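Participant: The structure is given below, and queries will be raised subsequently.
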Amino acid sequence: MLELHHVEKLFLGDKGIHDITITFQPGEIYGILGRNGSGKTTLLKCILGLLEVDKGQILLNGKPACEQLQDIAFASADGSSLPYMKGKEYGQFLAQYYPSFSMEDYLHFLNRFELDAQERIASLSKGGKMKIELAAAFAQHAKLILMDEPFTSLDMYAKEDCIHAVLEEVMEERILLISTHDIAEIETIADGCLVLENGRLAEVFTMDDLHEQGED
């Protein structure tokens with residue numbers, strides 16, 4: 001279970017996130033919606049421990065999330081991989097730091113995403129680099145997977161394949177949070193969404209709620 005209790009992280013000009021309280025259960029996939037500057041990336045970085053919160057607590061199964069990085073995977077459109085490495089080398093690097101990382105699964109996803117494991121990451125397109133991020137996140141077998149705008153650089157076919165991979169890989173014991181501008185990207189896989197406006201939690205809804213509203 002992931003719990004956020006009155007989490008706040010502010011920057012100059014009152015930017016950041018304000019008093020966020022929400023709980024996610026294992027097996028849930030939630031989208032984080034909002035315009036640029038609404039706090040989506042800040043929220044993910046606080047959960048990951050890349051930003052220290054000013055107030056509040058972030059707990060993963062009852063303990064501070066920032067103390068359990070081995071159980072948290074992060075895939076970002078900005079890229080967190082090491083560009084000078086080849087795809088296979090990057091997987092070997094991650095395997096040294098994450099006990100649950102599966103090199104076999106990592107290579108499986110590289111193949112599924114039609115990536116050459118011997119190609120240097122720096123030479124890949126933006127979409128290719130995002131596929132490296134996703135393959136690494138899935139292979140880590142983390143309890144919590146955070147994705148920051150994962151589908152924006154992918155073409156229609158790659159996006160569909162990645163969405164199917166999400167559905168196959170998110171087991172009952174995992175939690176997956178996906179930040180996005182476009183609800184259509186996650187409509188078929190998400191259990192629900194939270195909406196951020198100016199760093200504040202404006203709305204939380206399930207996809208069933210959304211579909212019922214559309215039928216009215």
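The values are calculated or read from the model by the stated rules, or taken from the named source; none is laboratory data. A quick note: this is a predicted structure, and the numbers were derived from the prediction, not measured. So basically every Cβ, Gly included, is an ideal-geometry build from the backbone, and we count neighbours across all protein chains shown. Heads up: the accessible areas ignore ligands, DNA and RNA and are worked out on the full protein's heavy atoms, side chains in. Shrake-Rupley method; radii C 1.70, N 1.55, O 1.52, S 1.80 Å.
Participant: Which of (1) hydroxyl-bearing (Ser, Thr, Tyr); (2) closer than 19 Å to ILE175 by Cβ; (3) open to solvent by 20 Å² or more (accessible area, probe 1.4 Å) does TYR97 not meet, given it meets every other one?
Facilitator: TYR97 satisfies every listed condition except (2).
Participant: Which residue, of PHE74, PHE151, PHE138, is assigned to a loop (DSSP other than H, G, I, E, B) and crowded, with 17+ Cβ neighbours inside 10 Å?
Facilitator: PHE151
Participant: Considering segment 101-122 alone, what residues qualify as being in a helix (DSSP H, G or I), open to solvent by less than 30 Å² (accessible area, probe 1.4 Å) and free of Cβ contacts under 8 Å to residues at least 40 places away in the same chain? Outline the logic, then answer.
Facilitator: As a first pass, look at segment 101-122 and keep what is in a helix (DSSP H, G or I): 103-112, 121-122.
Next cut, open to solvent by less than 30 Å² (accessible area, probe 1.4 Å) only: 106, 109-110, 121.
If the condition is that a residue be in a helix (DSSP H, G or I), open to solvent by less than 30 Å² (accessible area, probe 1.4 Å) and free of Cβ contacts under 8 Å to residues at least 40 places away in the same chain, then TYR106, LEU110 are the ones that fit.
Participant: Moving to a separate point now. Looking at GLU114, GLU149, can you tell me which residue is modelled with pLDDT of 80 or more, at positive phi and under 15 Å from the mean Cα position of the chain (by Cα)?
Facilitator: GLU149
Participant: Assess whether ARG174 counts as being of a type in the set (D, E, K, R), within 19 Å of GLU3 (Cβ to Cβ), surrounded by fewer than 17 Cβ atoms within 10 Å (Cβ to Cβ) and modelled with pLDDT of 85 or more.
Facilitator: no
Participant: Right, here's the next one. Take the residues of segment 77-90 that are part of a loop (DSSP other than H, G, I, E, B) and open to solvent by 50 Å² or more (accessible area, probe 1.4 Å): which is modelled with the highest pLDDT?
Facilitator: Among those residues, the one meeting the criterion is TYR84.
Participant: Additional query: Is it true that MET130 is in contact (Cβ under 8 Å) with a residue 40 or more places away in the chain and open to solvent by less than 60 Å² (accessible area, probe 1.4 Å)? I'd like the intermediate steps shown before the answer.
Facilitator: Details: in contact (Cβ under 8 Å) with a residue 40 or more places away in the chain: yes; open to solvent by less than 60 Å² (accessible area, probe 1.4 Å): yes.
Answer is yes for this residue.
Participant: Could you grab the pairs with beta carbons closer than 6 Å, sequence gap of 6+ or different chains, first residue in segment 174-197 and in a loop (DSSP other than H, G, I, E, B), second one surrounded by fewer than 20 Cβ atoms within 10 Å (Cβ to Cβ)?
Facilitator: Qualifying pairs under 6 Å: ILE189/ILE163; ILE189/LEU167; ALA190/MET207; ASP191/GLU28.
Participant: In segment 123-135, which residues are small (Gly, Ala, Ser) and in a loop (DSSP other than H, G, I, E, B)?
Facilitator: SER125
Participant: Applying the selection to segment 92-107, what residues are of a type outside the set (S, T, N, Q) and out of contact with any Phe, Trp or Tyr (no Cβ under 9 Å at 6 or more places or on another chain)?
Facilitator: Within segment 92-107, PHE93, TYR97, TYR98, PRO99, PHE101, MET103, GLU104, LEU107 qualify.
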